[in-house]
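Asks: Handing you this structure, nothing more for now.
Bear in mind these aren't lab numbers, they're just calculated from the coordinates by the rules spelled out. Treat the numbers as computed from the prediction; the structure is a model and nothing was measured. Neighbour counts are summed over all protein chains in view; Cβ atoms, including those assigned to glycine, are modelled from backbone coordinates with ideal geometry.
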Amino acid sequence: MSDKPVSQPNGLDQLLVTYRDPDWSARLHQIRQAVRLAAYFEDGSPEDTQLGNILKEVRTHKDQALSEYTLRFDGVTLRPEEFRVSAQALEKAHRQVETADRGLLASLRLAIENVRRYQAEIFVADKIRHPGVRYTPIERVGVCVPGASAPLPSTVIMTAVPAQVAGVKEIAVVSPPRNQGSIHPMILAVCHELGISEVYRIGGAHAVAALAYGTETIRPVHKIVGPGNNWVQMAKRKVFGQVDIDSIAGPSEVLIIANCRVNPAWTAADMLSQAEHAPGSAVVFTDSLDLARKVLAELKDQTGRLTRSDRTRACLEQFSAIIVFAGLEEAVAAANEFAPEHLEIQCGDASRDIAGRIRNAGAIFIGSHSPVAVGDYWAGPSHTLPTGQTAKFFSPLSSNDFVKSSSIIEYDRETLAKAAGDIIRLARAEGLDAHARSIEIRQEDR
């Protein structure tokens with residue numbers, strides 16, 4: 001017997017599944033469930049109970065509770081008067097970023113311009129003219145910006161700029177003090193660049209509660225938007241009704257429909273761009289077994305060269321797959337059921353035709369030169385998108401989500417008289433005599 005060690009199968013090999021495998025559908029279902037559970041707490045679970053207590057404490061004890069939870073969860077001691085970032089600190093952060101990297105600030109400004117232009121072009125409230133409806137912007141909005149290890153200035157751009165385009169006058173940004181007891185200077189710099197002066201160094205579920213219910217130092221908002229971990233998303237879910245929310249966002253995800261003509265290294269790179277979120281889901285649908293094998297080989301190679309290699313690999317094994325279908329028609333049908341946050345279509349000349357058959361997706365990226373990162377930072381649509389199959393009923397965040405409509409009804413004497421008999425008849429059919437009488441009494445005065 002040889003003393004040579006037996007090589008163990010690479011954990012990523014499990015990602016490749018073909019339609020001939022009877023468990024391929026179960027694998028997709030497993031991924032979908034895992035992504036969904038990563039965003040939700042079950043009702044009545046210990047986490048759900050704790051979340052309810054956090055919201056109740058903030059609603060009852062306000063600033064005191066915010067201070068206590070900021071110390072408990074972020075390890076930072078803040079007095080209520082220290083919650084809000086001063087105008088001087090915002091300006092200082094802006095100068096700091098400009099001094100450190102003028103090119104970065106220029107890129108941020110171009111990204112802001114792209115988003116502002118796109119959001120203005122799709123804004124419908126200033127294009128619809130009808131005497132029966134009036135659109136008005138939501139007056140006050142709260143934006144949640146995660147306090148991840150890396151700063152996320154794009155989150156501010158992709159949430160606040162659509163609100164500004166819609167005419168929202170007051171925007172309050174919250175973010176946990178994870179950077180030396182405050183918010184990362186890059187996030188503060190973008191807030192200053194956008195003219196947002198109301199920024200609070202608080203985060204998590206307690207920040208959501210503060211925005212929804214208000215405290216002595218933070219006035220309540222009317223809508224809360226932005227990403228965050230499951231505590232933030234479940235808090236948004238619980239305060240919905242007290243305020244509006246954008247959606248309940250789970251781990252980032254991409255589904256790539258690809259044929260044999262694509263570059264497998266590019267496809268693998270796009271998968272890793274989502275998996276590195278940890279958690280993040282990356283799935284490929286293809287009709288080419290040869291491509292699937294090449295993408296898998298690229299994944300093995302590229303993953304090993306990432307700075308977050310171990311976390312990304314674990315994320316691939318838990319939330320990702322490469323599925324080989326008998327044909328692209330079956331792949332498209334499965335994609336519509338999968339309803340991904342990001343859908344890339346890398347099928348050469350057939351890409352646009354396939355895109356036309358997609359019904360359920362947060363954002364659709366057509367062609368091999370349209371990776372998700374283009375949408376994350378640059379193209380103009382907001383990267384705040386529905387996840388976990390909610391693309392079946394949620395839409396991407398846009399400027400149109402920051403206005404509300406009021407119905408306008410104005411009848412004169414003659415118009416009411418023509419409709420009076422019918423209205424009275426309908427009211428009495430429902431047993432609502434006072435409704436009918438409110439019409440009849442006006443006819444008696446004629």
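Asks: Using the Karplus curve 6.51 cos²θ - 1.76 cosθ + 1.60 with θ = phi - 60°, what ³J(HN,Hα) values do you get for each residue of the stretch 402-408, in whole Hz, with x for Gly and Pro?
Replies: These are the phi-based 3J(HN,Hα) values: 10, 10, 10, 10, 10, 6, 10 Hz.
Asks: Moving to a separate point now. To test your reading of the geometry: what angle, between 0 and 90 degrees and rounded to tens, separates the Cα axis of helix 413-429 from the longest principal axis of the chain?
Replies: The angle comes out near 70 degrees.
Asks: Please list, ordered by chain and number, the residues whose modelled amide H lies under 5 Å from the amide H of Lys404; skip anything fewer than 5 residues away on the same chain.
Replies: Thr136, Ile138
Asks: Okay, next question. Quick one: which residues, 5+ away or cross-chain, put their amide H under 5 Å from the amide H of Val199? H built at 1.01 Å from N.
Replies: Val85, Val173
Asks: Read phi for every residue in the stretch 51-62 and hand back ³J(HN,Hα) as whole Hz from Karplus 6.51 cos²θ - 1.76 cosθ + 1.60, θ = phi - 60°, with x for Gly and Pro.
Replies: 4, x, 5, 4, 4, 5, 4, 5, 5, 8, 9, 6
Asks: Using θ = phi - 60° and the Karplus form 6.51 cos²θ - 1.76 cosθ + 1.60, what ³J(HN,Hα) does each residue of the stretch 359-364 get, whole Hz, x for Gly and Pro?
Replies: My calculation for the stretch 359-364 gives 9, 10, 6, x, 9, 10 Hz in order.
Asks: Give the Kirkwood hydrodynamic radius (Å, one decimal) of the stretch 46-245, defined as one over the mean of 1/r across all pairs of different Cα atoms. If you can, show how the numbers build up before the last one.
Replies: Details: mean 1/r = 0.0574 Å⁻¹.
After inverting the pairwise mean of 1/r, the radius is 17.4 Å.
Asks: Computed FRET efficiency, Cβ-Cβ of Arg117 and Arg413, R0 60 Å: what is it to the nearest 0.05?
Replies: Details: r = 48 Å, r/R0 = 0.80.
The formula returns an efficiency of 0.80 here.
Asks: What is the spread of the Cα atoms of the chain along each of their three principal axes, largest first, in whole Å?
Replies: On the principal axes, the chain reaches 107, 55, 47 Å in Cα extent.
Asks: Can you tell me the FRET efficiency between Glu329 and Glu430 if r is taken as the Cβ-Cβ distance and R0 is 56 Å, rounded to the nearest 0.05?
Replies: Numbers: r = 50 Å, r/R0 = 0.89.
Once the sixth-power term is evaluated, E becomes 0.65.
Asks: Additional query: So what is the calculated 222 nm ellipticity per residue for the chain, using -39500 (n - 2.57) for each DSSP H run with n of 4 or more, over all residues, to the nearest 500 deg cm²/dmol?
Replies: On the way: 17 runs with 209 residues, N = 446.
Roughly -14500 deg cm²/dmol at 222 nm, from the helical runs in the chain.
Asks: Filter the cross-link list Lys127/Lys392; Lys92/Lys236; Lys223/Lys404; Lys127/Lys236 down to pairs whose alpha-carbon distance in this structure exceeds 20 Å. Before the final figure, lay out each step's value.
Replies: Values: Lys127/Lys392 27 Å; Lys92/Lys236 32 Å; Lys223/Lys404 11 Å; Lys127/Lys236 31 Å.
Pairs exceeding 20 Å: Lys127/Lys392; Lys92/Lys236; Lys127/Lys236.
Asks: Between the stretch 129-180 and the stretch 287-302, what is the C-alpha centre distance in whole Å?
Replies: If you average the Cα positions of each part, the centres end up 40 Å apart.
Asks: Any chance you could check the Cα centroid distance between the stretch 308-355 and the stretch 181-201 for me, in angstrom?
Replies: Spelled out, the Cα-based centre of one part sits 36 Å from the other.
Asks: Here is a follow-up. Under the rule of at least 5 residues apart or a separate chain, name every residue whose amide H is placed under 5 Å from the amide H of Val243.
Replies: So Val243 has HN proximity to no qualifying residue.
Asks: Highest first, please rank the peptides 169-176, 349-356 by the mean number of other Cβ atoms sitting within 10 Å of their residues.
Replies: Details: 169-176: 23.4, 349-356: 14.5.
Highest to lowest by the protection proxy: 169-176, 349-356.
Asks: Moving on. Among Ile366, Ile245, Ile323, rank each residue by its count of other Cβ atoms within 10 Å, from fewest to most, as a rough exposure measure. Display every interim value, and only then the final one.
Replies: Numbers: Ile366 18, Ile245 22, Ile323 25.
Going from least to most buried by this count: Ile366, Ile245, Ile323.
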